[in-house]
Amino acid sequence: MDSREVYSVRVRAGKRTYIFDVRATRNQDYYITITETRRDFSGENQKQKIFLYKEDFVKFQRALNRVISHVRTDLLPDFPYERHVSEEDEEVQS
């Protein structure tokens, strides 16, 4: 599939980086790739990628919100989530 990057958000999270890319096909159909990059024990970068297609956006978002809400509300309600976020953690690219 020939595609081009339209929009990107990078989230640095310790030794991991999450990259959310919006991509467009030649026919102007859009999808999202979610890439996790991390260094392994040998210092090499490891990448894992998920392709998320437009017909699954709502299902994916609902499931992710439900899982995060469950952890934050039921499993770890006292964890200081906001303390682990800074302005530098998220970089927006276009």
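No value in this document is a laboratory result; all are computed from the given coordinates. The structure presented is a predicted model; accordingly, all values stated were derived computationally and were not measured. No Cβ is skipped: glycine too gets one built from the backbone with ideal geometry, and neighbour counts run over all protein chains shown.
Please work out how much length the chain gains when fully extended from F57 to R4, using 0.36 nm per residue of separation minus the C-alpha to C-alpha distance, in nm with one decimal.
Result for the pair: 17.2 nm of gain on full extension.
Which of T37, T73, T17 moves the most in a Gaussian network model of the chain with Cα springs under 10 Å?
Of the options given, T73 has the highest mean-square fluctuation.
So if a site counts as exposed when it's one of the trypsin sites (Lys or Arg not before Pro), its DSSP state isn't H, G, I, E or B, and it has at most 15 other Cβ atoms within 10 Å, what's the longest stretch of the chain without one?
27-94
Calculate one ³J(HN,Hα) per residue across the range 7-21 by plugging θ = phi - 60° into the Karplus curve 6.51 cos²θ - 1.76 cosθ + 1.60, and present them in order as whole Hz with x for glycine and proline.
Karplus-based 3J(HN,Hα) across the range 7-21 equals 7, 8, 10, 10, 10, 8, 9, x, 7, 10, 10, 10, 10, 10, 10 Hz.
Going by alpha carbons, how many degrees (0 to 90, nearest 10) lie between the helix axis of 57-70 and the longest principal axis of the chain?
The helix 57-70 is inclined about 10 degrees to the chain.
By what distance, in whole Å, do the Cα atoms of the range 3-76 stretch along each of the three principal axes, largest value first?
Projected onto its principal axes, the Cα set of the range 3-76 covers 44, 36, 15 Å.
Note down the magnitude of the dipole of the chain about its Cα centre, charges +1 on Lys and Arg C-beta and -1 on Asp and Glu C-beta and zero elsewhere, to the nearest 20 debye. Show your work: numbers first, answer last.
Numbers: 17 positive and 17 negative charges, 52 e Å.
It comes to approximately 240 debye.
Please name which of A13, L76, G43 has its Cα lying farthest along the dipole of the chain towards the positive end, using unit charges on Cβ (Lys, Arg +1; Asp, Glu -1) and the Cα centre as origin.
My answer, from the dipole projection, is G43.
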